[in-house]
Amino acid sequence: MIVVDIMSLHVLALCCYVVRFLRVVTLYKLWNYLLLRIGFYWSRLVGRPVQLGLPAFLSAEPTTVCNLKCPECPSGLRAFTRPTGTMDMPMFENLIGQTHRHLFYLILYFQGEPYLNPNFSRMVTLARRKKVFTATSTNGHYLTERYARLTVESGLDELIISLDGTDQATYSHYRRGGDLNKVLNGIRTLVRVRNEMGVCHPFINLQFIVMRQNEHQVGAFRKLARDLGVDRAVLKSAQIYSETDQNQLLPSDSTHARYEQHDDGSLSRLKPLRNRCWRMWNGAVVTWDGRMVPCCYDKDADHQMGRIDQAPLKTIWQGDAYSKFRQQILTDRSQIEICRNCGE
């Protein structure tokens, strides 16, 4: 998904967000980030991959399990070709132990619903103790009183909640099996608990994927976000995989789309696909069972770079598989299937 519009609702919450992020910053992390930037620009200049630092941003997958059946999601479709399961604490401890010195930002999400991992709050607490900024993305169905308090107490810095409709019929068109009222009540509970505990975390991002069936509710979504008391409302564009998706998901308003539709019905990206990708130089994704893959577009781990339970993350990051993948990015990115539909 690509962000097409952001509406910040609370300046104080945004300031708190920035302060919490600055608290995880160290001189070593800044130096490492500078090395990543130098390596990225030098690679583009010489046309070959140069990797000078270690990942500053990571996604870790708590679980592939999900309670919903969203039609564009491998978790929702139960259509993974890779093994499915839930990350255990030893795997997560291994990941944090290897990365916390150079890691700025960790999003505990890839596929699945993070709150279905019984160790989720423990994972957040551990990462925060190691001075890593933490975030996650949820469909919002598990924000009960208990989990709202655990979320705040864990120290989670940012919570992204997907809400793709302002009435049940529209919402469930994509979030199949979902209950809009349950999500809205969960958001209200979290906001109340956060206020009762006198803290400003987690920063609550309410996310709305603009699709054909819900684009008429963009204004209502913004109003709902204000009424709920969240900190930010985000509009994102839908990703189109097929002609069926095009007919069902592509919004008529081009300002909310990442594609241009031609007279013959075909689509083309609004932004050209360039032979570069900052993501490949600054971050990666680790699946529930330790597979390291290049980015969140590789949902089935087709481009496995290594496994952190079999080799050090540093070795994988600087290894031959990653080097060859980055070289293909610099040479002809269009030959990599997961890149063709990417907004980077």
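The values are calculated or read from the model by the stated rules, or taken from the named source; none is laboratory data. Computed from a predicted model, the values in this text were never measured in an experiment. For neighbour counting, all protein chains shown are included, and Cβ atoms are generated from backbone atoms with ideal geometry for every residue, glycine included. Heads up: the accessible areas ignore ligands, DNA and RNA and are worked out on the full protein's heavy atoms, side chains in. Shrake-Rupley method; radii C 1.70, N 1.55, O 1.52, S 1.80 Å.
Annotations
- Most to least accessible of Lys182, Lys236 (protein chains only, probe 1.4 Å): Lys182, Lys236
- Surface share of carbon and sulfur [accessible, 1.4 angstrom probe, percent] for segment 174-218: 45
- Formal net charge of residues neighbouring Leu14 (Cβ-Cβ distance under 12 Å; K, R +1; D, E -1): 0
- Nearest-0.05 FRET efficiency for Asp167 and Lys314, computed from C-beta distance (R0 51 Å): 0.55
- Surface composition of segment 1-146: carbon and sulfur atoms hold 62% of the protein heavy-atom accessible area at a 1.4 Å probe.
- The listed residues Met211, Met197 rank as Met197, Met211 when sorted by accessible area, largest first, using a 1.4 Å probe.
- Residue-normalised accessible area of the chain, given per residue in Å² at a 1.4 Å probe: 44
- Helix-only mean residue ellipticity at 222 nm for the chain, each DSSP H run of n ≥ 4 adding -39500 (n - 2.57), per residue, nearest 500: -11000 deg cm²/dmol
- Cα-Cα over 19 Å, subset of Lys29/Lys314; Lys223/Lys271; Lys131/Lys299; Lys69/Lys182; Lys29/Lys131: Lys223/Lys271; Lys131/Lys299
- Contact order for the chain, expressed relative to its length and based on alpha carbon pairs under 8 Å spaced 6+ residues apart, stands at 22 percent.
- Remark on the chain: Cys15, Cys66, Cys277, Cys295, Cys296, Cys339, Cys342 stand apart, with no other cysteine beta carbon under 4.7 Å.
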